[in-house]
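*Asks:* One structure coming up, written as structure tokens, with questions to follow.
What follows is calculated from the coordinates using simple rules that are stated; it is not laboratory data. These numbers come from a predicted model, not from an experiment. Note: ideal-geometry Cβ built from the backbone for every residue, glycine included; neighbour counts use all protein chains shown.
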Amino acid sequence: MESNTQKGLYLFRLHFIAMMFAFTSGMAALPTIERGIVEKKKWLTHEEFWTYPVLGQTLPGVISVHNSIFMGSRIAGPFGALMSLLGVITPAFVCMLGIAALFQSVVGNTYIQGAIRGIRVISVVILLGNGIRLLTTVKKDLLTAILVIAAVLLPLFFGFSSFWVILVCGIVGLISVFAAPGAPGSGSSVQTREDGE
């Protein structure tokens, strides 16, 4: 059994390596982090892992920072949260220092511009892959299908703000939980309890 210190140091290394190659966003680092936490160490299940990116997207701020704090805290407590956070922000900090020092020569460089163009293309593929992985963790029913389709189509084709789509989908999901038979506070759950007595 590993101590929280050992887990925290592993989380730092894992997040640091993943973020070194996450040129497009913190979401691009998720497959690497998932392999380390879910497949290699088995500290979280696939479903538990993907809960944190969903939570991270609902909060204002940098998603990868939220993910690292949530996962690190769950796995190794406050030390794990701190180490995961440092693993996420250190590569970006170092890269930004380098870019700031070389800014004038980097901006006009055609090779750099070509690399950025290629990175943009692969970022779409990585984000699409993450979306598919995330879809494997959600309940498969008609309401979920409607929400997924609406969440894709409304911002892309009808100009709806992503904020409003997220808010409305969240409210609909919340209502569906409370409206379901056996939901917290519903009469059916109380009746089932009474029937069992």
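*Asks:* What is the helix-to-structure angle for 63-101, meaning the angle in degrees between its Cα long axis and the longest Cα principal axis of the chain, kept from 0 to 90 and rounded to the nearest 10?
*Replies:* 30
*Asks:* For helix 187-196, report the angle its Cα long axis makes with the longest principal axis of the Cα atoms of the chain; keep it between 0 and 90° and round to the nearest 10°.
*Replies:* Once rounded, the angle reads 60 degrees.
*Asks:* Roughly speaking, what is the stretch gain from Thr137 to Val177, that is 0.36 nm per residue apart minus the C-alpha to C-alpha distance, in nm to one decimal? Each step should come with its number before you reach the end.
*Replies:* Numbers: separation 40, 0.36 × 40 = 14.40 nm, distance 1.65 nm.
Additional length available on full extension: 12.7 nm.
*Asks:* Quick one: in the stretch 39-197, what % of C-alpha pairs are over 22 Å apart? Show your work: numbers first, answer last.
*Replies:* Details: 7864 of 12561 pairs.
The calculated P(r) of the stretch 39-197 puts 63 percent of pairs beyond 22 Å.
*Asks:* Can you tell me the orientation of helix 162-179 relative to the chain, as the angle in degrees between its alpha-carbon axis and the longest Cα principal axis, to the nearest 10?
*Replies:* Helix 162-179 sits roughly 30 degrees off the main axis of the chain.
*Asks:* Multiplying the sequence separation of Phe21 and Thr5 by 0.36 nm and subtracting their Cα-Cα distance, what value in nm do you get? Don't skip to the end; give the middle numbers.
*Replies:* Values: separation 16, 0.36 × 16 = 5.76 nm, distance 2.51 nm.
Gain in length upon complete extension: 3.3 nm.
*Asks:* OK, next. Would you kindly give the portion of the calculated P(r) for the stretch 1-127 that falls above 18 Å, as a percent of all Cα pairs?
*Replies:* Working: 4397 of 8001 pairs.
That tail contains 55 percent of the Cα-Cα pairs.
*Asks:* Between Ala101 and Val121, with labels modelled 7 Å along Cα→Cβ, what's the label distance in nm to one decimal, could you check?
*Replies:* 3.2
*Asks:* Counting only trypsin sites (Lys or Arg not before Pro) that sit in a DSSP loop (anything but H, G, I, E, B) with at most 12 other Cβ atoms within 10 Å, what is the longest stretch of the chain containing none of them? Walk me through the intermediate numbers first.
*Replies:* Details: sites that count: Lys42, Lys139, Lys140.
Answer from the scan: 43-138.
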